[in-house]
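Chemist: Just dropping this structure here.
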């Protein structure tokens with residue numbers, strides 16, 4: 001098993017775990033199995049009847065009857081129609097299942113984001129969402145129904161052989177057994193080689209996506225030649241992995257062919273002995289031999305399909321893991337409605353860690369409805385983590401993140417339906433991505449039903465109307481725009497949703513002081529609660545109140561004038577290491 005140890009071997013059962021995806025297609029699955037059964041069975045019947053016709057003509061010097069010719073013609077027609085029908089149904093079934101799997105993979109990524117997505121390369125995620133799912137087409141189209149049909153055909157053929165001449169069945173059974181177990185004899189090696197191919201392909205996909213995204217930087221810094229060499233090396237590894245799979249599959253095919261040859265020899269010897277001993281009439285000998293060998297055909301084909309399916313275990317494991325990814329923020333068992341009116345925010349004794357690395361430690365922070373709070377701290381202090389907790393990308397390890405209605409008790413975010421939370425809270429990050437499409441389409445992402453007047457007014461408030469016409473394309477991830485332009489669009493998009501709580505996580509960092517001030521004064525506030533995460537003093541001082549986050553704790557709160565007047569205070573310490 002040389003060359004297969006560089007990729008982990010997926011656990012057994014990865015392919016079986018994908019069988020429940022067929023549950024919603026029982027009728028089509030039954031039709032596919034019926035078509036496969038008729039396709040395989042008609043071929044066995046056609047070959048057997050043709051051999052009997054030839055044997056009768058040679059041994060008994062008797063021409064085939066009209067009924068025999070009609071039956072042969074009918075079997076040819078059935079075989080042709082069922083071959084087409086089986087392929088049509090099996091691929092239709094497979095592509096329907098794959099379409100559902102892609103949605104379930106994306107749902108799994110969304111449900112487990114950002115924990116599952118963070119740190120993973122977009123090309124690797126794309127490989128799971130697209131390439132791994134696509135690879136399973138073979139499993140659904142060429143394995144499931146065909147295995148069931150070949151089992152039925154072989155069982156029926158074996159019963160006929162047992163009645164006609166048991167010694168022919170004795171010659172066939174050992175070969176059939178070896179063909180059936182052959183795919184599992186090197187299952188671990190096949191799975192490892194398949195995993196190696198999938199891993200190499202995912203790395204090549206990730207490197208290719210990164211190269212395209214960073215093409216300007218590679219050209220600017222002369223790194224394109226090195227990147228080209230790296231892609232060539234990754235391509236070579238993919239080729240090596242694919243060649244290793246193809247080589248072993250060719251060897252397996254040779255073994256299957258050798259077993260078939262042994263079966264032929266055994267059947268010929270058994271038939272000759274049966275004819276000479278008088279147990280089998282000479283005219284029936286060709287038919288019996290053909291029946292014995294033709295029922296092995298579906299078994300051999302099933303063995304080939306199983307061999308290829310085993311190598312898909314890695315793809316199946318990746319898809320299954322994505323589909324079953326646990327939610328980082330599970331939906332509430334008993335959701336609570338969110339009352340209308342202004343909302344405040346409270347982080348009540350909140351602690352949080354990333355896999356054992358503590359970030360927040362017993363934070364207590366309250367922002368009354370309608371107030372603007374500046375959350376300040378050095379890089380890595382946990383400010384963005386607070387924003388992510390407010391968006392419920394994660395739940396706190398301890399404590400609660402709550403919304404504070406004007407009337408009534410605080411409401412834990414874990415008790416809110418996701419749709420209610422998204423309508424109430426909007427988080428705008430420093431590098432919020434845009435999507436390939438027009439400026440208007442990107443703005444309407446948060447409010448699909450926003451009319452043109454509201455769209456234009458919101459864009460004007462944020463200065464997004466001066467970036468480009470509404471029907472102009474912004475490019476994938478906003479590649480045609482500057483960081484400041486993307487920030488204006490992202491903020492306008494959030495405001496279109498009319499959130500009652502707005503969290504700005506370094507949103508205006510790409511703007512100069514004048515642009516930052518212009519945007520701040522242009523934004524209507526009303527009863528909205530705003531939390532601003534920023535380093536720029538001019539941005540911080542405009543807040544009603546400031547909270548300083550140090551080492552996972554709130555160490556200082558107050559107004560700008562109060563805090564800046566403390567020479568050794570926490571705000572001055574932060575500003576000293578994060579100058580504008």
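Chemist: Please work out which one of (1) assigned to a loop (DSSP other than H, G, I, E, B); (2) modelled with pLDDT of 85 or more is the condition residue 447 fails and give its number.
Modeler: (2)
Chemist: Moving on to the next point. Which ones in the stretch 336-369 are closer than 22 Å to residue 498 by Cα, surrounded by 12 or more Cβ atoms within 10 Å (Cβ to Cβ) and in contact with a helix residue (DSSP H, G or I) (Cβ under 9 Å, 6 or more places away or on another chain)?
Modeler: Answer for the stretch 336-369, where residues must be closer than 22 Å to residue 498 by Cα, surrounded by 12 or more Cβ atoms within 10 Å (Cβ to Cβ) and in contact with a helix residue (DSSP H, G or I) (Cβ under 9 Å, 6 or more places away or on another chain): 336, 338, 343, 345.
Chemist: I've got another one for you. For the stretch 525-535, enumerate the residues that are within 26 Å of residue 385 (Cα to Cα) and either modelled with pLDDT of 70 or more or touching a helix residue (DSSP H, G or I) at 6+ places or on another chain (Cβ under 7 Å) (or both).
Modeler: 527, 528, 529, 530, 531, 532, 533, 534, 535 - these are the residues of the stretch 525-535 that are within 26 Å of residue 385 (Cα to Cα) and either modelled with pLDDT of 70 or more or touching a helix residue (DSSP H, G or I) at 6+ places or on another chain (Cβ under 7 Å) (or both).
Chemist: State the number of residues belonging to the stretch 423-439 that are within 28 Å of residue 390 (Cα to Cα) and surrounded by fewer than 17 Cβ atoms within 10 Å (Cβ to Cβ).
Modeler: 5
Chemist: Would you point out which residue out of 151, 201 is assigned to a helix (DSSP H, G or I) and in contact with a helix residue (DSSP H, G or I) (Cβ under 6 Å, 6 or more places away or on another chain)?
Modeler: That would be 201, the only listed residue that is assigned to a helix (DSSP H, G or I) and in contact with a helix residue (DSSP H, G or I) (Cβ under 6 Å, 6 or more places away or on another chain).
The values are calculated or read from the model by the stated rules, or taken from the named source; none is laboratory data. The structure displayed is predicted, hence computed values, not measured ones. Neighbour counts are summed over all protein chains in view; Cβ atoms, including those assigned to glycine, are modelled from backbone coordinates with ideal geometry.
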